[in-house]
Amino acid sequence: MFLKLSLWFFLLSSLPAILSYNEADPTVTTMEQFSGYPTHEHESASSFSVDTQGLQKQIDELSSFSDTPSPSVTRVLYSEMDVVARRYVKNLMGLSGLSVREDAVGNIFGRWDGSEPELSAVATGSHIDAIPYSGKYDGVVGVLGAIEAINVLRSLVSALSCAKRRQSSCKPKLNPNVAVKRSGFKPRRSLEVILFTSEEPTRFGISCLGSRLLAGNEALMKSLETVVDSQNIPFFDAARAAGYANEEEDLSSVFLKKGSYSAFVELHIEQGPILEEEGISIGIVTAIAAPASIKVDFEGNGGHAGAVLMPNRNDAGLAAAELALAVEKHVLESGSIDTVGTVGILELHPGAINSIPSKSHLEIDTRDIDEMRRNTVIEKIHQSAMTISKNRRVRLSEFKIINQDPPALSDKSIIKAMQASSQELNLSHKLMISRAYHDSLFMARISPMAMIFIPCYKGYSHKPEEYSSPENIANGVKMLALTLSKLSLY
């Protein structure tokens with residue numbers, strides 16, 4: 001009698017969640033066909049069970065593969081720690097039942113075959129390389145979180161069905177009063193998790209190296225033949241030492257055709273403070289700003305800091321300082337808050353306190369969601385560099401635009417799927433722009449793309465204090481899992 005009453009209480013308490021499903025929704029109908037159980041018998045999508053502790057443990061373990069001590073993380077492309085970290089992720093992919101492959105530059109793919117594997121797959125993923133003395137969440141959440149999203153989909157909750165059958169194998173996960181079972185969900189389209197090679201430009205000065213090559217960048221492929229790092233190690237020597245780019249492999253084998261994926265979704269920490277400050281769980285990215293990188297060199301005469309009088313100086317250091325201020329001026333004059341500029345590197349030669357700089361080197365980053373507006377800022381910076389060179393009687397020996405990428409807009413149908421997922425999960429969301437660039441910027445050249453942001457502490461990133469709570473990460477994984485399930489059934 002007690003068991004019957006308990007079961008009826010459970011059925012009544014689950015009724016709102018059961019009724020919340022729209023049985024006319026073609027996505028729901030398709031999910032029923034592949035899961036083997038009617039979705040109206042499933043508990044609410046909010047019961048997606050993320051192994052929060054296990055995922056945090058993986059993030060912590062991966063952070064230990066670092067060339068600098070905790071809490072910082074330094075993991076540079078093709079270093080020993082990078083190779084060990086890659087091995088760790090490939091092992092996790094295998095444990096999750098994914099078939100694993102790698103391409104010639106080390107992009108890693110973990111695939112869950114769908115019921116119609118001939119269809120273009122739905123992809124997700126990010127990177128695990130880390131700039132010197134950074135944190136352990138940037139990129140990593142989008143790789144390990146993607147693998148966990150696959151685990152979530154492999155063990156979808158079917159509480160009511162399990163309660164009806166009273167199977168002894170059912171074990172509580174979220175609520176000790178609710179039993180769960182594996183539903184046997186299988187996607188129609190294959191799902192693929194990608195670990196991208198070298199999103200950070202740390203070693204060879206090339207950001208998003210892996211995703212740029214996937215997008216078929218022939219100019220980059222050719223430039224890699226001559227690129228060296230700060231230790232004068234050629235790219236191919238470093239790649240081969242890590243087990244990639246062997247003599248028989250042509251890097252064009254990395255290229256993917258447009259349409260290779262039906263959709264790409266990247267989970268990432270926001271790297272800014274907006275979501276945390278506004279108390280919002282999820283950011284749905286509508287556009288990624290267009291980045292450009294510039295290298296500038298000035299050359300003067302140098303001399304003794306005491307002996308050369310001020311009117312007679314040709315100071316390359318002051319030329320660099322003036323240009324740095326000009327960058328700020330031109331960015332602010334654009335009239336848009338979406339225009340940003342940074343002088344991230346400023347080096348002086350010979351670098352002695354009692355020596356007038358004879359050479360200076362700047363590296364400038366400028367970004368905007370409006371490509372034309374950003375390009376106008378670049379041209380103004382160039383004009384300022386020439387004017388400063390003339391006025392200070394120094395030589396502008398180099399003004400080189402390293403990359404000048406277009407912005408990327410998120411796909412409207414993926415945004416719609418993410419908005420629906422957010423509502424079903426009862427998670428607040430905000431439409432927003434990504435001013436940091438990501439591998440998604442280049443995946444947009446291959447397939448429809450969108451991104452999911454989660455809050456991070458004070459917006460900190462690229463520093464040891466970088467942090468996102470287990471709850472925020474779990475929310476992101478649930479969003480990703482539900483979005484992937486919808487996209488995989490289209």
Query raised in the report: Quick one: Karplus J couplings for the stretch 360-366, per residue in order, coefficients 6.51, -1.76, 1.60, θ = phi - 60°, nearest Hz, x for Gly and Pro?
Result: 9, 9, 10, 10, 10, 10, 9
**Report entry** Residues GLU247 and SER120, FRET efficiency given R0 of 25 Å [Cβ-Cβ distance, rounded to 0.05]
**Finding:** 0.20
Report summary line: Whole-Hz Karplus couplings 3J(HN,Hα) for the stretch 99-112, θ = phi - 60° and coefficients 6.51, -1.76, 1.60, Gly and Pro as x, run 7, 10, 9, 10, 9, 5, 9, x, 4, 10, 10, x, 10, 10
**Report entry** Cα→Cβ-extended label distance, 7 Å offset, between SER99 and LYS458, nm
**Finding:** 4.8 nm
Report task. Lys and Arg at +1, Asp and Glu at -1: add these up for the other residues within a Cβ distance under 14 Å of MET418 and post the number. Result -> +2
Report summary line: Plugging the Cβ-Cβ distance of SER355 and LYS390 into 1/(1 + (r/R0)^6) at R0 = 41 Å yields, to the nearest 0.05, a FRET efficiency of 0.95
Requested in this report: List every residue whose amide H lies under 5 Å from the amide H of SER355, counting only residues 5 or more places away in sequence or on a different chain, with H placed 1.01 Å from N in the peptide plane.
Outcome: ALA305
Query raised in the report: Ratio of the stretch 352-490's C-alpha Rg to 2.2 N^0.38 Å, to two decimals?
Result: 1.50
Query raised in the report: By how many nm would the segment from VAL228 to SER336 grow when fully extended, if each residue of separation counts as 0.36 nm and the alpha-carbon distance is taken off?
Result: 35.2 nm
Report summary line: With a ≥ b ≥ c from the Cα gyration tensor eigenvalues, square-rooted, and the rule rounded for a/c under 1.5, otherwise prolate when a/b > b/c and oblate otherwise, the stretch 401-450 is prolate
Query raised in the report: Any idea how far apart GLN423 and ILE402 come out in nm if each label point goes 7 Å out from Cα toward Cβ?
Result: 4.4 nm
Requested in this report: Lys and Arg at +1, Asp and Glu at -1: add these up for the other residues within a Cβ distance under 14 Å of TYR457 and post the number.
Outcome: -4
Query raised in the report: Lys/Arg Cβ at +1, Asp/Glu Cβ at -1, dipole of the stretch 49-101 taken about the Cα centre: which of LEU92, GLY54, VAL73 is farthest positive-ward?
Result: LEU92
Requested in this report: Identify the residues of the stretch 256-288 with backbone N under 20 Å of a label point that sits 7 angstrom from the Cα of ASN375 along the Cα-to-Cβ direction, or state none.
Outcome: 288
**Report entry** Reachable lysines from LYS186, criterion Cα separation under 28 angstrom, eight or more residues apart if same chain
**Finding:** LYS57, LYS90, LYS164, LYS171, LYS173, LYS257, LYS258, LYS412, LYS416, LYS478, LYS486
Query - Note, ³J(HN,Hα) from phi for the stretch 376-391, Karplus 6.51, -1.76, 1.60, rounded to Hz, x at Gly and Pro - result: 5, 4, 4, 5, 5, 4, 4, 4, 5, 4, 5, 5, 4, 4, 5, 5
Query - Mean-position separation - Cα centroids, the stretch 235-308 and the stretch 311-348, in angstrom - result: 22 Å
Query raised in the report: Share of the stretch 236-328's accessible area from carbon and sulfur, percent, 1.4 Å?
Result: 51 percent
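The values are calculated or read from the model by the stated rules, or taken from the named source; none is laboratory data. Since this is a predicted model, take the numbers as computed values, not measurements. Neighbour counts run over all protein chains shown; Cβ positions are idealised from the backbone, glycine included. To get the accessible areas, we keep the full protein, side chains included, count just its heavy atoms, and leave off ligands, DNA and RNA. Shrake-Rupley method; radii C 1.70, N 1.55, O 1.52, S 1.80 Å.
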